[in-house]
1. Of a type outside the set (S, T, N, Q), within 14 Å of chain B (Cβ to nearest Cβ) and either in contact (Cβ under 8 Å) with a residue 40 or more places away in the chain or over 19 Å from A:VAL209 (Cβ atoms) (or both) - does that describe any residue in the stretch A:115-129?
2. If you take the residues of the stretch A:61-81 that are closer than 21 Å to A:ALA159 by Cβ and within 14 Å of DNA strand D (Cβ to nearest atom), which of them is farthest from the other protein chains (Cβ to nearest Cβ)?
3. Considering only residues that are away from DNA strand C (no atom under 11 Å from the Cβ) and either more than 23 Å from the chain's Cα centre (by Cα) or exposed (fewer than 14 other Cβ atoms within 10 Å of the Cβ) (or both), look in the stretch A:12-31 and name the one that is nearest to the other protein chains (Cβ to nearest Cβ).
4. In this structure, does B:ALA42 turn out to be surrounded by 15 or more Cβ atoms within 10 Å (Cβ to Cβ) and either within 16 Å of DNA strand C (Cβ to nearest atom) or in a helix (DSSP H, G or I) (or both)?
5. Of the residues B:GLY48, B:GLY150, B:GLY64, B:GLY100, which is assigned by TED's automatic domain parsing to the domain that holds B:GLU199, over 18 Å from B:SER212 (Cβ atoms) and out of contact with any Gly (no Cβ under 6 Å at 6 or more places or on another chain)?
6. Looking at (1) modelled with pLDDT of 95 or more; (2) not assigned by TED's automatic domain parsing to the domain that holds B:LEU154, which one does B:ASN72 not meet, given that it meets all the others?
7. Taking the conditions exactly as written (at the interface with chain B (Cβ under 10 Å from one of its Cβ atoms) and more than 30 Å from B:GLY52 (Cβ to Cβ)), does A:THR84 satisfy them or not?
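The values are calculated or read from the model by the stated rules, or taken from the named source; none is laboratory data. Computed from a prediction, not measured in an experiment: that's the story for all the values here. Cβ sites come from the backbone with ideal geometry, for glycine too, and all protein chains shown count toward neighbours.
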Protein chains: 2
Amino acid sequence: MSAHEAIAFLKSRSLGVLIEPEIERMIMSGEIKPGDRINENALALRFGTSRGPIREALRSMEAGGLVALVPNRGVYVRSLDLATACAIYEVRAALFGMAGRCAAERAGAEDICRLETLVAEMDRAVDAGDFETYYPLNLAFHQAILAASGNHLLAAQYASLIKQLHLYRARSLVQGGGLHVSNQEHRAMVDAIAARDPEAASRTHFDHVMRSLDRLRAAPAAHAAT
Amino acid sequence: MSAHEAIAFLKSRSLGVLIEPEIERMIMSGEIKPGDRINENALALRFGTSRGPIREALRSMEAGGLVALVPNRGVYVRSLDLATACAIYEVRAALFGMAGRCAAERAGAEDICRLETLVAEMDRAVDAGDFETYYPLNLAFHQAILAASGNHLLAAQYASLIKQLHLYRARSLVQGGGLHVSNQEHRAMVDAIAARDPEAASRTHFDHVMRSLDRLRAAPAAHAAT
DNA sequence: CGTCTGAAGATTGTTGACAATCGACAGCGA
DNA sequence: TCGCTGTCGATTGTCAACAATCTTCAGACG
């Protein structure tokens, strides 16, 4: 498969496309923080390219909501306030509800099996108090549902929202709230999918995200002014 | 206000940003058709710029799902097959359901008033058999609901999906199906919002789009192979 | 007659340089 | 001392040119 990889690498050779996920990684890892200005020259120097591909990558990321373009002043990593984060959660809830509904209608046996396995593993992690294991399992669980929905656009849009949520200043609070043990909800979700009950699946998935939104709203407004 | 406009024009001066909606218009108007290849030189010549801003605009549009980038071969106007169009409809239904729910919770009196006015006008257009009037009213009605939802992201994502749907080859069929007089559904939607009933609003809005999806699926597969 | 090879033309991907704009700072005046 | 103005450095926006790649098409070969 190394030949395939090499071909794929050569195929995807347009520096802008290659650079974009790298800049995304820099944002997600915290190397560049929300509100920071991005210097095109510095990035070009870092990646050993000219500014053209950098600008292309940034324009693509702007459409994805990760950065904001300010004319004649450069691109800034977007910084989300509470209201915007809540708006994202609402959209996310709508998408996730639909994902549950579609999964209930279309999930294959192996999809359901995988979901049940993940819930079981999360149960074990919760019992052991091992949140280090729980968190990635939780991510994998949500992604497995999106995959089971059979709707690629749905999955892509959802992933885009998750990325944007990383730009919320007080996201640690959200993550902390997310660790709120909600595996009972997860089990209800899988049960609805396994029962092929689209309505129940839609409701449980939707409510699952909306409860996170409630926790987000209830969290102390610990975001500093810019 | 001409001074303000001039200032706004100067402010937004980055050719890429200015060019992007222009290319969109060319696609929406059918000047460029789905599947067509876009020649950067031709566009640059047409707009009197160099290829740089053109490429930036295209990269942004690619993120919006209007065009597809094929390495070393150029950008193509995306062409949607039936399955992809259905996937878009599903996401659209999810978003629109959420929009109805939010509108039921947050719409102002003037929002509801506007919605009722639009439904009344559509009623009149239907009675008169004036579909030429009905169609833009229908668009305005949907947009008014998105505005009443108070969620800008929701409105933006919805608008993006509508644009993408224009790329479906047999979209005339969809539009024809859309002209299927559904003003009773519209009235039910507004009633649910006016009654401040989020659940009913969510359901009516969601079903409204899903019924369009059913019509789309039922339509004869009149799309030619590429 | 069909297929393969190779060169020509066209188009994309990328670069470095130039012009325009913005923010900061020193200097001047009240 | 405070506010205004003009200049300087830094950065963005844009361009024209170069290199690499792909497509096309003519011609040779089996």
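1. Initial filter on the stretch A:115-129 (of a type outside the set (S, T, N, Q)): A:115-116, A:118-129.
Subsequent filtering for residues that are within 14 Å of chain B (Cβ to nearest Cβ) retains none.
No: the stretch A:115-129 contains no residue that is of a type outside the set (S, T, N, Q), within 14 Å of chain B (Cβ to nearest Cβ) and either in contact (Cβ under 8 Å) with a residue 40 or more places away in the chain or over 19 Å from A:VAL209 (Cβ atoms) (or both).
2. Filtering the stretch A:61-81 for residues that are closer than 21 Å to A:ALA159 by Cβ and within 14 Å of DNA strand D (Cβ to nearest atom), the one farthest from the other protein chains (Cβ to nearest Cβ) comes out as A:VAL77.
3. Among those residues, the one meeting the criterion is A:PRO21.
4. In short, no.
5. Only one candidate passes the filter, namely B:GLY150.
6. Here B:ASN72 clears every test but (1).
7. So A:THR84 fits the description; yes.
For (1) within 13 Å of DNA strand D (Cβ to nearest atom); (2) more than 30 Å from A:GLU185 (Cα to Cα); (3) touching a residue at least 60 places away in the same chain (Cβ under 8 Å); (4) crowded, with 19+ Cβ neighbours inside 10 Å, each residue gets a yes or a no:
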position: A:LYS33; (1), (2), (3), (4): no, yes, no, no
position: A:ASP36; (1), (2), (3), (4): yes, yes, no, no
position: A:SER50; (1), (2), (3), (4): yes, yes, no, no
position: A:PRO53; (1), (2), (3), (4): yes, yes, no, yes
position: A:GLU90; (1), (2), (3), (4): no, no, yes, yes
position: A:MET98; (1), (2), (3), (4): no, no, yes, yes
